[in-house]
1. Which numbered condition in (1) out of contact with any helix residue (DSSP H, G or I) (no Cβ under 9 Å at 6 or more places or on another chain); (2) small (Gly, Ala, Ser); (3) crowded, with 21+ Cβ neighbours inside 10 Å is the only one that Ala66 fails?
2. Criterion first (within 30 Å of Glu58 (Cα to Cα) and in a loop (DSSP other than H, G, I, E, B)) does Gly177 satisfy it?
3. With respect to Ala119, determine if the residue is out of contact with any strand residue (DSSP E or B) (no Cβ under 6 Å at 6 or more places or on another chain) and of a type in the set (A, V, I, L, M).
4. Just need a number here: residues in region 125-143 that are in contact with a Ser or Thr (Cβ under 7 Å, 6 or more places away or on another chain) and more than 19 Å from Glu157 (Cα to Cα).
5. Here are some residues: Val184, Val240, Val180. Which one is closer than 17 Å to Ala91 by Cα and in contact with a helix residue (DSSP H, G or I) (Cβ under 7 Å, 6 or more places away or on another chain)?
6. For Arg207, which of the numbered conditions (1) surrounded by 14 or more Cβ atoms within 10 Å (Cβ to Cβ); (2) touching a residue at least 40 places away in the same chain (Cβ under 8 Å) fails to hold?
7. For Ile41, all conditions in the list (1) in contact (Cβ under 8 Å) with a residue 24 or more places away in the chain; (2) assigned to a helix (DSSP H, G or I); (3) open to solvent by 60 Å² or more (accessible area, probe 1.4 Å) hold save one; what is the number of the exception?
Amino acid sequence: MGEPGPAPLAVVRRKRDTAFLTEARVAELVRPRPFAREPLIAERARLTQEMGPLDLWEGYRSFTAAEDSFKRSSNSVRTSHKYGRVYVQLARRFRPWTVVEIGTAFGVSGMYWLAGLQANRRGRLVTFDPNRQWQEIARANLAAISPRFTAVADTFEAGFGAARIRFGRPGIAFIDGIHVGDIVKAQAELLLARIASPWILVFDDIRFNDGMYRCFREIEQAEGVVSAVEIESRVGILEVEAG
């Protein structure tokens with residue numbers, strides 16, 4: 001992957017001094033560093049991009065312009081390697097029993113989360129996406145990193161009830177599906193209503209539009225949120241204590 005670049009700029013807002021996401025710990029999380037399976041993830045991502053643009057899930061039509069091609073390639077929807085490294089470190093330091101991913105896409109971000117779980121030798125990724133064609137590609141990518149995953153070919157809202165998510169143990173949720181504020185807020189509220197242990201909620205593209213950022217700042221005010229982090233106006237992270 002070459003030499004690590006500069007660390008992403010992070011802003012930390014804390015409500016409690018006992019929070020896990022302190023300024024010092026966030027600085028450690030965002031410091032670039034290589035990790036096991038890094039070359040493999042890069043190669044899987046490259047091969048996935050070579051498949052070219054593939055059809056979006058039909059449910060996205062109401063969120064796309066009429067002239068949209070309604071196709072996306074992996075690179076247009078994947079997380080960047082810079083943030084992937086952050087996710088690996090977050091999984092390694094927080095040591096979640098479950099990582100819930102809303103929006104599997106082609107499985108690139110999931111590979112990073114799995115690399116962290118595999119390094120811990122515990123925990124499971126439960127990832128949701130209704131696009132069955134994309135899910136098949138994602139399953140192959142994820143399986144190349146670790147068997148510690150369950151891929152659900154459905155929306156989070158429809159599928160989480162049967163997924164047996166362990167909300168009573170520390171976990172991470174990565175919300176990266178439809179970037180519409182009201183939808184993201186509803187997904188976060190479903191999670192917050194069930195969390196019975198410390199969890200971390202990670203939001204991608206918080207500045208994708210005004211609604212997304214407004215949603216993030218509103219959720220930040222929810223009961224139980226003890227720390228908030230923004231990384232380069234792209235990724236938002238909220239630490240939640242058990243209710």
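The values are calculated or read from the model by the stated rules, or taken from the named source; none is laboratory data. Remember, predicted model here, so these are calculated numbers, not experimental data. Ideal geometry is used to build each Cβ from the backbone, glycine not excepted, and the neighbour counts take in all protein chains shown. The protein model used for the area step is the full one, side chains on, heavy atoms only, and it has no ligands, DNA or RNA in it. Shrake-Rupley method; radii C 1.70, N 1.55, O 1.52, S 1.80 Å.
1. (3)
2. Values: within 30 Å of Glu58 (Cα to Cα): yes; in a loop (DSSP other than H, G, I, E, B): yes.
For Gly177, the condition - within 30 Å of Glu58 (Cα to Cα) and in a loop (DSSP other than H, G, I, E, B) - is met.
3. On the way: out of contact with any strand residue (DSSP E or B) (no Cβ under 6 Å at 6 or more places or on another chain): yes; of a type in the set (A, V, I, L, M): yes.
In short, yes.
4. Qualifying residue count for the region: 3.
5. On the way: Val184 fails: closer than 17 Å to Ala91 by Cα; Val180 fails: closer than 17 Å to Ala91 by Cα.
Every option except Val240 fails the conditions.
6. (2)
7. (3)
Residues checked against (1) touching a helix residue (DSSP H, G or I) at 6+ places or on another chain (Cβ under 6 Å); (2) within 19 Å of Leu142 (Cα to Cα):
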residue: Val12; (1), (2): yes, no
residue: Thr22; (1), (2): no, no
residue: Pro39; (1), (2): no, yes
residue: Gln49; (1), (2): yes, yes
residue: Trp57; (1), (2): no, no
residue: Val77; (1), (2): no, yes
